[in-house]
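> Pasting in a structure now, in structure tokens, and then I'll have a few things to ask.
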Amino acid sequence: MAGYVASSFIAPQPAPKGLRGRKWTVSRAAGLVMLLFWALLGIGIIMILVNGYDPEKIAKYAPKIGDGIIVTIELVAMSLVLGALISVPVAMGRMSASPLWGGIAFGYSYFFRGTPLLAQTFLVYYGAGQFVGFFKAIGLWALFRDAYFCAVFTFSLNTAAYQAEILAGAILAVPGGQRQAADSLGLRRSVTFWKIILPQALITALRPYGNEVILMIKASSIASIITVLDVMGQTRVAFSKTYDLQIYLWAAIIYLITVEVLRRLWELMEQRLTRHLKR
Amino acid sequence: MAQYLELLSYGETGWGDELIRGVLITIILAIATLPLGLLFGFFIAVAKNSSEPLLRNAAHIYTTIFRGLPELLTLFLIYYGGQMAMSALWMLVFGAEFEVNSFLAGIVALALVFSSYASETFLSAFKGISHGQYEGAYALGLNRGATMRLVILPQLIRLALPGLSNLWLNLLKDTSLVSVIGLSDLLRNTNIAVGVTKQAFFFFFVACLIYLLLSIISSLGLGRISNWAHRGQGGH
């Protein structure tokens, strides 16, 4: 029987090592440690929220923070829309060949982008108080006395500077051949701008505009420092009364969810609007 | 006019010395944050660029959190949360109170924010370096460390510099938030001056101009660094 080939076959071997699970590398271990850290932090935060669960506190402060959310949304929406309106002439100035308009637009943009929003807000809110007589004379004192109005005013001017840069940059990024082609087709200047230049520019501007919306939501928390009761303002008031850190955690969760949802929505919108560019 | 110059003068009657001290704190805070933020940002970017999904996800969680939170909220969370955590720890170990320094809280919070943005800048710079660079370095017999140090990093700096320059200017502006937790930086000292003199518009305008001056000086410095980073490119 010894002659049978089968009896001298090699015994079955275990599967090669590389195929059973992935190898342990430094980066894998580092990733696991970091994820473990996040998991511990997450559990810690959940424990703080669970241990600190206090129906009385929630009944008292949750509706206030809800009001704060509405104030934040209003503040951001108004600032962004007003800022978009102001940004149009500024962007035109940034693109104009005239040294006067170009210089004014550059100075405006440089000032608002080069100084902290907090300092600008103080300048408007406290600075207006120095010119009470003047504002009373022109009948605007009721507005400038109000912290909420001052916040909208400052944020609009601030975001207008950033939006003007986005708009001007996007319009200048449209290739010159587009304008020449439109000219050679005999289209009017206004038609060229509205139907050819602007649609292409807005696609380039979409992503920076989305970033600007998110930056504005985050920056709106600065309004809380001049006593506007937005999410951050309500949170600060509640914290100063309770000294309970979980209130800040609520605010953090609210901001994180808002920003993350907005970012995802913007990504979807961008994909939809640029689907003709996909190959 | 003379009255305004008097307000800005150095000494008992003027606020010039207070403002200068504030500017120094602002600059020191920004400069102390920078290396920490760059280092963190670089390592987070390396993690995001890794082929290991666990590491990539862990790094993405970091960016999502610190880019999503308002800077002010990060600062408060670090300041008050750090105060509570450190107090509890100190009580347990030494049985004594612990006071969190607003300067330290400011550095940590600003570095967290800076590094999460910097990691994105470094990541896109990594993506801008072609794979042939690594292959060429390995073919020359360089190991991974030497490849990173001698081949990739010099190119990375050049590609990341525009983004990092913007982040530095943002950092300079964000230092003003630390005035809210009581650090006597430029903005807080300005606030004090306003409280005493009631010249709000004048002093805040001066503070804005000082911030503007700091960013102009930074831009000049960054221009020189950019020239240095492009030294091998020719024509710049």
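> I'd like to know if segment A:86-101 contains one or more residues that are β-branched (V, I, T) and open to solvent by 80 Å² or more (accessible area, probe 1.4 Å).
Within segment A:86-101, the subset β-branched (V, I, T) is A:86, A:88, A:90.
So of that shortlist, the ones also open to solvent by 80 Å² or more (accessible area, probe 1.4 Å) come out as none.
Checking segment A:86-101: not a single residue is β-branched (V, I, T) and open to solvent by 80 Å² or more (accessible area, probe 1.4 Å).
> So B:F205 fits all but one of (1) open to solvent by less than 50 Å² (accessible area, probe 1.4 Å); (2) within 11 Å of chain A (Cβ to nearest Cβ); what number is the exception?
Single failed check for B:F205: (1).
> Find the residue count for segment A:20-60, including only residues that are surrounded by 12 or more Cβ atoms within 10 Å (Cβ to Cβ), of a type in the set (V, I, T) and away from chain B (no Cβ under 13 Å).
Of the residues in that region, 1 qualify.
> Hey, another quick one. Keeping to segment A:169-193, report how many residues are within 20 Å of A:R94 (Cβ to Cβ) and outside any helix (DSSP H, G or I).
Number satisfying all stated conditions: 2.
> One residue is enough: does segment B:169-185 have a residue meeting the conditions within 14 Å of chain A (Cβ to nearest Cβ), in contact with a Pro (Cβ under 7 Å, 6 or more places away or on another chain) and either within 30 Å of B:S51 (Cβ to Cβ) or of a type in the set (G, A, S) (or both)?
yes
> A follow-up question, please. Could you tell me whether A:M232 is at pLDDT 90 or above and either in a loop (DSSP other than H, G, I, E, B) or more than 13 Å from the chain's Cα centre (by Cα) (or both)? Reasoning before the result, please.
Working: at pLDDT 90 or above: yes; either in a loop (DSSP other than H, G, I, E, B) or more than 13 Å from the chain's Cα centre (by Cα) (or both): yes.
For A:M232, the condition - at pLDDT 90 or above and either in a loop (DSSP other than H, G, I, E, B) or more than 13 Å from the chain's Cα centre (by Cα) (or both) - is met.
> Of all residues in segment A:225-242, how many are touching a residue at least 12 places away in the same chain (Cβ under 8 Å) and open to solvent by 10 Å² or more (accessible area, probe 1.4 Å)?
Filtering segment A:225-242 down to residues touching a residue at least 12 places away in the same chain (Cβ under 8 Å) leaves A:225-238, A:242.
With open to solvent by 10 Å² or more (accessible area, probe 1.4 Å) added as a condition, the list becomes A:225, A:227, A:229, A:234, A:236-237, A:242.
Within segment A:225-242, residues that are touching a residue at least 12 places away in the same chain (Cβ under 8 Å) and open to solvent by 10 Å² or more (accessible area, probe 1.4 Å) number 7.
> I need a count of the residues in segment A:34-93 that are modelled with pLDDT under 90 and of a type in the set (S, T, Y).
Residues flagged as modelled with pLDDT under 90 and of a type in the set (S, T, Y) within segment A:34-93 amount to 1.
> Given the residues A:T227, A:T242, which is the only one that is more than 17 Å from the chain's Cα centre (by Cα), among the β-branched types (V, I, T) and within 28 Å of A:F144 (Cβ to Cβ)? Talk me through it step by step, then tell me what you get.
On the way: A:T242 fails: within 28 Å of A:F144 (Cβ to Cβ).
On inspection, the qualifying residue turns out to be A:T227.
> Please find, among A:Y108, A:Y148, the residue that is under 22 Å from B:L214 (Cβ atoms), out of contact with any Phe, Trp or Tyr (no Cβ under 8 Å at 6 or more places or on another chain) and not charged (D, E, K, R). Can you show your working first?
Details: A:Y148 fails: under 22 Å from B:L214 (Cβ atoms).
When all the criteria are applied, what remains is A:Y108.
> Okay, next question. Out of B:F40, B:F122, B:F114, which single residue is among the aromatic types (F, W, Y), in contact with a Ser or Thr (Cβ under 7 Å, 6 or more places away or on another chain) and surrounded by 20 or more Cβ atoms within 10 Å (Cβ to Cβ)?
The match here is B:F114.
> List, please: which pairs have Cβ atoms under 7 Å, are six or more places apart or on different chains, and start with a residue in segment B:35-52 that is within 14 Å of chain A (Cβ to nearest Cβ) and end with one that is assigned to a loop (DSSP other than H, G, I, E, B)?
B:E52/A:T25
> Can I ask one more? Which residues, taken from segment B:184-202, are within 17 Å of the chain's Cα centre (by Cα) and open to solvent by 20 Å² or more (accessible area, probe 1.4 Å)?
Listed by number, the list is empty, since nothing qualifies.
> In segment A:111-166, which helices (runs of 4 or more DSSP H) lie fully inside it and hold 3 or more residues that are within 12 Å of another protein chain (Cβ to nearest Cβ) and open to solvent by less than 30 Å² (accessible area, probe 1.4 Å)? Steps first, please.
Working: elements: A:117-128, A:132-137, A:141-144.
The qualifying helices (runs of 4 or more DSSP H) are A:117-128.
Every residue, every condition in (1) basic (K, R); (2) touching a residue at least 12 places away in the same chain (Cβ under 8 Å); (3) surrounded by fewer than 17 Cβ atoms within 10 Å (Cβ to Cβ), yes or no:
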{"site": "A:I171", "(1), (2), (3)": "no, yes, no"}
{"site": "A:R179", "(1), (2), (3)": "yes, yes, yes"}
{"site": "A:L185", "(1), (2), (3)": "no, no, yes"}
{"site": "A:F193", "(1), (2), (3)": "no, no, yes"}
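> Across segment B:219-236, which residue is modelled with the highest pLDDT among those that are in a loop (DSSP other than H, G, I, E, B) and exposed (fewer than 13 other Cβ atoms within 10 Å of the Cβ)? Give the steps one after another, and end with the answer.
So in segment B:219-236, the residues in a loop (DSSP other than H, G, I, E, B) come out as B:230-236.
With the extra rule that they be exposed (fewer than 13 other Cβ atoms within 10 Å of the Cβ), the set shrinks to B:231-236.
On the way: B:R231: 85, B:G232: 78, B:Q233: 79, B:G234: 71, B:G235: 58, B:H236: 48.
Within segment B:219-236, the match that is modelled with the highest pLDDT is B:R231.
> Follow-up question, since we're still on this one. Enumerate the pairs (first residue in segment B:134-162 and open to solvent by 60 Å² or more (accessible area, probe 1.4 Å); second residue anywhere and not in a helix (DSSP H, G or I)) with beta-carbon separation below 6 Å, excluding pairs fewer than 6 apart on the same chain, so at least 6 apart or on different chains.
B:L159/B:G128
> Would you point out which residue out of B:G106, B:G95 is more than 7 Å from chain A (Cβ to nearest Cβ) and surrounded by fewer than 22 Cβ atoms within 10 Å (Cβ to Cβ)?
Values: B:G106 fails: surrounded by fewer than 22 Cβ atoms within 10 Å (Cβ to Cβ).
Criteria check complete, one pass: B:G95.
> (1) free of Cβ contacts under 8 Å to residues at least 60 places away in the same chain; (2) more than 9 Å from every other protein chain (Cβ to nearest Cβ); (3) of a type outside the set (F, W, Y); (4) closer than 20 Å to B:L110 by Cα: which one isn't true of B:L212, the others all being true?
(2)
> For the list (1) in contact with a helix residue (DSSP H, G or I) (Cβ under 7 Å, 6 or more places away or on another chain); (2) touching a residue at least 60 places away in the same chain (Cβ under 8 Å), I need the number of the one condition that A:Y148 fails.
(1)
The values are calculated or read from the model by the stated rules, or taken from the named source; none is laboratory data. As the structure is a computational prediction, the values presented were derived from the model and not from experiment. We place every Cβ from the backbone using ideal geometry, glycine too, and count neighbours over all the protein chains shown. Ligands, DNA and RNA are stripped out before the accessible areas are found, and what is left, the full protein with its side chains, is counted by its heavy atoms. Shrake-Rupley method; radii C 1.70, N 1.55, O 1.52, S 1.80 Å.
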